[in-house]
Amino acid sequence: MIDILERQEEEFKMERKVQGTVRMTVVAAMITALTIAMGLVPGIPMILIPVPIILQNIGVMFAGEVLGAKYGTLSVAVFLLLASLGFPVLSGGHGGAAVFVGPTGGYLVAWLLAPMVINLVKKFLPSKINSGWIGSLVSVWLGGAVFMDLFGAFWLSIFFHVPFVTAMVSSLMFIPGDTIKAILTALVAKRLKKIVHLR
């Protein structure tokens with residue numbers, strides 16, 4: 001009798017685990033699709049650097065905050081794989097491997113790392129802050145917006161052979177808009193996690 005109950009408990013745990021994996025995979029696919037859809041909105045060209053203001057990095061922040069490091073990275077990786085294969089999924093209908101070695105390449109690499117960085121920031125936040133909306137905002141802003149802009153600036157400094165400080169000052173123009181994106185991401189992500197019972 002005890003063996004039967006233990007077996008049933010194991011089967012129940014396995015079923016719950018499979019259901020959780022399926023749920024996370026479906027949401028990851030939805031966020032990838034959302035990121036692609038945001039690319040339909042044309043980017044706004046910048047004056048000082050050849051990197052436009054776009055909406056797609058909201059999808060990246062969203063992936064990190066909603067899905068965590070593992071599934072968030074998976075969602076962004078699928079998106080970047082499609083871009084590298086030439087699918088016109090990037091803002092303005094761009095795609096192809098060349099975008100990864102151009103001026104925007106550093107930002108795209110940062111996108112792949114951002115879900116992991118967002119969740120790394122979470123681990124260092126006090127538990128009281130981490131569980132609330134402020135914790136979500138701090139982790140998304142630092143691990144998403146600030147990290148992506150700094151990494152992109154580092155790439156620009158190498159690409160254009162300019163001092164990192166010069167490239168960083170140029171990238172600071174993204175911070176106000178990316179801060180607004182981080183606020184929206186934290187607000188919507190908290191609501192979505194409650195609806196679909198994630199993490």
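Since every read-out is calculated from the coordinates, none of them should be taken as a lab result. Everything numeric in this text was worked out from a predicted model, so none of it was measured. Cβ sites come from the backbone with ideal geometry, for glycine too, and all protein chains shown count toward neighbours.
Overview of results
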item: Nearest-ten-degree value, helix 2-38 long axis tilted from longest Cα axis of the chain; result: 20
item: FRET E, pair I129, Q19, Förster distance 41 Å, beta-carbon r, rounded to 0.05; result: 0.85
item: Candidates L112, L85, L34, ranked by Gaussian network fluctuation over the chain, Cα under 10 Å, top entry; result: L85
item: Interchain or long-range residues, amide H under 5 Å from I53's placed H; result: I44, M46
item: With Cα atoms, 0 to 90° folded angle of helix 175-196 axis to the chain main axis; result: 20
item: Packing rank of 188-195, 56-63, where each peptide gets the mean count of other beta carbons within 10 Å, highest leading; result: 56-63, 188-195
item: Fewest-first sequence of K70, K122 by Cβ atoms within 10 Å of each Cβ; result: K70, K122
item: Estimated 222 nm signal from helices in the chain, with DSSP H stretches of n ≥ 4 weighted -39500 (n - 2.57), rounded to 500; result: -24000 deg cm²/dmol
item: Rg/Rg_ref, the chain, where Rg_ref = 2.2 N^0.38 Å and atoms are Cα; result: 1.15
item: Positive-end residue of T166, A77, M61, charge dipole of the chain with Cβ unit charges; result: M61
item: Length-normalised contact order for the stretch 2-196 - Cα pairs under 8 Å, 6+ apart - percent; result: 19
